[in-house]
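> Dropping a structure here in structure tokens format, bear with me for questions.
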Amino acid sequence: LIFELIADPSIKTVVSHLQGIPANIIPVQKKKAQEKIFKSSNNELSRNSDFKFSLPGLLKRAENMGYSMAKTQPEQLNVQLYDFQLSTYQWMLDQERNERGLNSFFWEEWQFNDGSSS
């Protein structure tokens with residue numbers, strides 16, 4: 001659906017003219033800071049306002065710079081995990097330990113100027 005929305009010129013026009021809302025937006029939970037493992041291309045197009053409505057713009061926004069690796073191999077496995085598998089394993093452990101769950105990264109609290117909140 002998002003690809004269809006960004007392809008529609010009228011929706012692109014509306015979204016590009018939206019003004020900021022008079023609210024303070026607070027993430028329910030912030031992502032843990034991670035050491036950057038991968039390099040990212042410094043794309044000159046990202047400064048162009050049309051870039052965020054393109055497929056490369058969406059992919060750039062979803063770009064992942066890596067996740068820290070587990071310090072040790074899982075004892076229950078008889079095989080050696082590769083580095084990318086240790087990184088995924090550590091991510092899964094962190095999600096299991098997160099008391100608010102994975103969805104907490106997608107929620108926000110909005111505090112409006114009139115004192116109300118969502």
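> Between Leu81, Leu86, which is modelled with pLDDT of 85 or more, in contact with a Pro (Cβ under 8 Å, 6 or more places away or on another chain), surrounded by 13 or more Cβ atoms within 10 Å (Cβ to Cβ) and aliphatic (A, V, I, L, M)?
Only one candidate passes the filter, namely Leu81.
> Got at least one residue in the range 100-109 being in contact (Cβ under 8 Å) with a residue 60 or more places away in the chain, open to solvent by 80 Å² or more (accessible area, probe 1.4 Å) and over 27 Å from Ile11 (Cα atoms)?
Yes - at least one qualifying residue is present in the range 100-109.
> Can you tell which of Asn42, Asn113 is open to solvent by 100 Å² or more (accessible area, probe 1.4 Å), touching a Pro at 6+ places or on another chain (Cβ under 8 Å) and modelled with pLDDT under 85?
Just a single option satisfies the conditions, and that option is Asn113.
> Return the pairs, sorted by first residue and then second, in which the second residue is of a type in the set (Phe, Trp, Tyr), the first residue lies in the range 75-88 and is closer than 16 Å to Ile37 by Cβ, the beta carbons are less than 8 Å apart, and the residues are 6+ apart or on different chains.
Close Cβ pairs satisfying both conditions: Leu81/Tyr89; Ser87/Tyr67; Thr88/Tyr67.
The values are calculated or read from the model by the stated rules, or taken from the named source; none is laboratory data. Just so it is clear, the structure is predicted and the values come from calculations on it, not from any experiment. So basically every Cβ, Gly included, is an ideal-geometry build from the backbone, and we count neighbours across all protein chains shown. To get the accessible areas, we keep the full protein, side chains included, count just its heavy atoms, and leave off ligands, DNA and RNA. Shrake-Rupley method; radii C 1.70, N 1.55, O 1.52, S 1.80 Å.
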